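Encoded as structure tokens, the structure appears first; notes follow it.
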Amino acid sequence: MRFGTAEAAPGELATGVIELGHDNILPLVSPVMLARGALPGPRLFIQCLIHGGENVGPIAAARFIRSLDLKTFKGSIAALLVANPLGQRAHSRLTPQDGTNLNRIFPGSPSGSVGEQMVDRLLAIAGEHGGDAILDLHSGGELTITAFYVIYDDKFDGPQQRASKALAAQIGSRYQWGASEGWMDGTYLAHVSRTHGKTALIIESGGGARVREEDLANFSTALNGAARALGMIAGDPPVASDIRRGGNAVHVKCTKGGFWDCLVEPGQDMVAGQVMGRMVDLYGQVVEEIHCPTGQAWVGSIRRPWMPLYSGDQVVEVVERL
Ligand SMILES: [Zn+2]
């Protein structure tokens, strides 16, 4: 079995690289890992770092793969560890060379900008190697801190959407968000599901330019849960309690610049009008209070506390609670 330059026999773990495009000197490549159990079984695909700087995913994925007992493992795991090498080099969610957010421009184009070409390639790789389920790992980025949530494509009611929703309930996250909004149309998740018919999830936890043990533990729970749900390792997948389902998201912005004094935590329940934080100017004065704009909701993500912001910057992502 091959993935890029990695080649694994039954019971082996292999590492290598796969080509995603070209910069002005050499091919752009991502490191890859290919873990093959001694026993036949499902194929799981893990993608990390389509947003540069979201470093929890690749660390957790490599740890998880190295923790497996391949003598008893059923099936295989292919991990593409750096889906956006240009963004990762810049510690940025975006691709600096063309300003693209790769997870908003799918399906991309083989004759487009460097970001559009990488996206076209990532989609082709998912079609070829995506196997039975795809997990797209995110962690907020340098500027944002997210709850431990899972997103599945909820725009259609096809078999892959139903399978994705079922898998979302088995990774140990309380925040199970079926997204059907317009931004989903440009995502990797939507295209691997709608174009290639894959069972697929976005799994997200953490961010804010740090990697916490709590976030690594969340991803460990999620990856082990997915492998159990697929029957690759023994045991029952985790069952989360006190579930929060998600509908539409509201991206709340500040109208005044200054320091962001955040008063809520990712995942926290919110009601309409609740104060979520304040903008504080350089003289220490509160110049704006930020309120929850919608009824029953939970906090999907926050801008990093005390970050100096421009007027119009996003401060909280509020997810409608269904
Ligand atoms: Zn991301």
Whole-Å distance, taken between Cα centres, linking the stretch 78-124 and the stretch 159-173: 26 Å
Contour minus Cα-Cα distance for Val286 and Ala217 (0.36 nm per residue): 21.2 nm
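Could you tally the net charge around Val29, taking each other residue with its Cβ under 14 Å from the Cβ of Val29, Lys/Arg +1 and Asp/Glu -1? Don't skip to the answer; put the middle values down first.
Details: positive: Arg89, Arg121; negative: Glu19, Asp23.
Neighbourhood net charge equals 0.
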The stretch 216-258 residues near the modelled Arg63 label - backbone nitrogen below 13 Å, point 7 Å along Cα→Cβ: 216-224
Highest-MSF residue in the chain out of Pro42, Pro85, Pro159 [GNM, Cα springs under 10 Å]: Pro159
Gaussian network model of the chain, springs between alpha carbon atoms under 10 Å - residue of Ala179, Ala166, Ala61 with greatest fluctuation: Ala166
Value of D in µm² per second that Stokes-Einstein yields for the stretch 1-64, Kirkwood Rh from Cα pairs, at 4 °C (1.567 mPa s): 99 µm²/s
Two-decimal Rg/Rh across the chain, once Rg and the Kirkwood Rh are taken from alpha-carbon atoms: 0.98
Most mobile listed residue (Gly267, Gly112, Gly52) in the chain, GNM with C-alpha springs under 10 Å: Gly112
Cα lying deepest toward the dipole's positive end in the stretch 2-229, options Pro58, Ala190, Leu13, charges on Cβ: Leu13
Dipole in debye (nearest 20) - the stretch 2-229, about Cα centre, beta carbon charges: Lys, Arg +1; Asp, Glu -1: 580 debye
Solvent-accessible area of Glu128 with every protein chain in place, 1.4 Å probe, in Å² to the nearest 10: 120 Å²
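The values are calculated or read from the model by the stated rules, or taken from the named source; none is laboratory data. These numbers were taken from a predicted model, which means no experiment stands behind them. Positions of Cβ are generated from backbone atoms using ideal geometry, with glycine treated the same way; all protein chains shown enter the neighbour counts. Just the protein is used for accessible areas: all its heavy atoms, side chains included, with ligands, DNA and RNA removed. Shrake-Rupley method; radii C 1.70, N 1.55, O 1.52, S 1.80 Å.
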